[in-house]
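What follows is a single structure, written as structure tokens, with notes after it.
The values are calculated or read from the model by the stated rules, or taken from the named source; none is laboratory data. Values in this document were obtained by computation on a predicted structure and should not be read as measured data. Note that we place each Cβ from the backbone using ideal geometry, even for glycine, and neighbour counts take in every protein chain shown.
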Amino acid sequence: MVANSAVRTSLEGIKRIASFSRSFKIGANTRDIESHTTKSRACRTRFNLRWLLGVDLPLLLIVLALIGLFELGIIPNRKAGFFCNDAAISFDYTGETVTSLILMTTIFIIPIGVFMITEYIFTPNEIPLSDRTMRAFLKSSWLFKTYLYGFMMNLCIVEVMKGIVGNPRPVFFALCQPDTAKTCNGTDFVSTFECTSSYSRWYRMDSYRSFPSGHTSLSVYCGFFLAWYLQKRAFNWSYRSELVVPVVQLLCVSYSVLCSLTRITDRMHHWWDVLIGSAIGLITLLYTVIFLNDNFSYFNTSDSGEEGGTAPTRTVLFDERRDS
């Protein structure tokens, strides 16, 4: 009996030693894995930063520089010429309802506001305020980055087409006052001319950059991008409020319509300029939403409690889902 007890005691001691040895090895392996993971993340961060500063940033600056050179006329824009006494390009210049400054300001400010407010609303209230704000900011930043990709593609396409086509605007004679128009007769075609009006050099050059409409393409892209985003991210028939999201979507689409139609009523574009501008805006919209954003499916997987729906949250506008 004494011998058996001693054997059992020895076996138990051996088991404890082996268990401790295994625990020590597991702990050491865990620390090694965590250390390796931390080092790998640091290496990836440094590698990504090198690519960002060494490749992405220079490419972006080159693209922006080329756009600026096109806009300033340093890269020559083609002059398509005009027909003498053409009534379609003889309208008086009376100003613009939506100026380029207003367009660019709204195209950048409105999406940032919509993204931040929406993401903040759909971040659960249980999360601390600082974490909730940071999470909304990070998601909004990612959205705005993909939005800017499509915006830059849209802008580049429009600038290249404007520079290649060189079609006169409906207010061409008023803004340019071409020198050869004073001596041409009837409906003769004039292929070479110089602008002599008192408007600034940019206005004179812009008088023969009608096709396609940049205001239309950019506003259509912006307005419909936001409407699509809100549909996928914020709309659900079972929410207590059914009209908040549709009303905001209506405002976004109305913004696109306003910017587009005023280009015709202000005599800054022909109708076909606006039509092609709309097509460019929709094509870049589809590319950005479907291919870059994967149709906003990110929100269905990260925040959704139900398949194809948005996770229920408790907020001012969306307190909870109503019972069907």
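Structure notes:
- Hey, E96 of a type in the set (D, E, K, R) and at pLDDT below 95 or not: no
- Filtered by the rule that a residue be part of a loop (DSSP other than H, G, I, E, B), among the hydrophobic types (A, V, I, L, M, F, W, C) and closer than 26 Å to Y147 by Cβ, region 65-113 gives a lone residue, V98.
- For region 143-199, the candidate set comprises residues that are among the β-branched types (V, I, T) and without any contact (Cβ under 8 Å) to a residue 24 or more places away in the chain; within that set, the residue that is nearest to L282 (Cα to Cα) is T196.
- Contact map, region 200-211: residues that are in contact (Cβ under 8 Å) with a residue 12 or more places away in the chain paired with residues that are among the polar types (S, T, N, Q) and buried (at least 21 other Cβ atoms within 10 Å of the Cβ), Cβ distance under 8 Å, separation 6+ or inter-chain. Pairs shown: Y208/N167; R209/N167; S210/N167; F211/N167.
- I127 fulfils the conditions (1) crowded, with 16+ Cβ neighbours inside 10 Å; (2) over 25 Å from S217 (Cβ atoms); (3) among the β-branched types (V, I, T) except for a single criterion, (1).
- Out of F70, F91, F82, F115, sole residue that is surrounded by 15 or more Cβ atoms within 10 Å (Cβ to Cβ), among the aromatic types (F, W, Y) and touching a strand residue (DSSP E or B) at 6+ places or on another chain (Cβ under 9 Å): F82
- Scanning region 180-203 for residues that are modelled with pLDDT under 90 and aliphatic (A, V, I, L, M) yields a total of 1.
- When I117 is tested against the conditions (1) in contact (Cβ under 8 Å) with a residue 40 or more places away in the chain; (2) aliphatic (A, V, I, L, M); (3) assigned to a helix (DSSP H, G or I), the lone failure is (1).
Matching residues to (1) more than 30 Å from D188 (Cβ to Cβ); (2) among the hydroxyl-bearing types (S, T, Y); (3) at pLDDT 60 or above:
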| position | (1), (2), (3) |
| --- | --- |
| D32 | yes, no, no |
| T38 | yes, yes, no |
| L49 | yes, no, yes |
| L57 | yes, no, yes |
| G68 | yes, no, yes |
| G81 | no, no, yes |
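- Residue, modelled with the lowest pLDDT, within region 132-163, restricted to residues that are in contact with a helix residue (DSSP H, G or I) (Cβ under 8 Å, 6 or more places away or on another chain) and charged (D, E, K, R): R132
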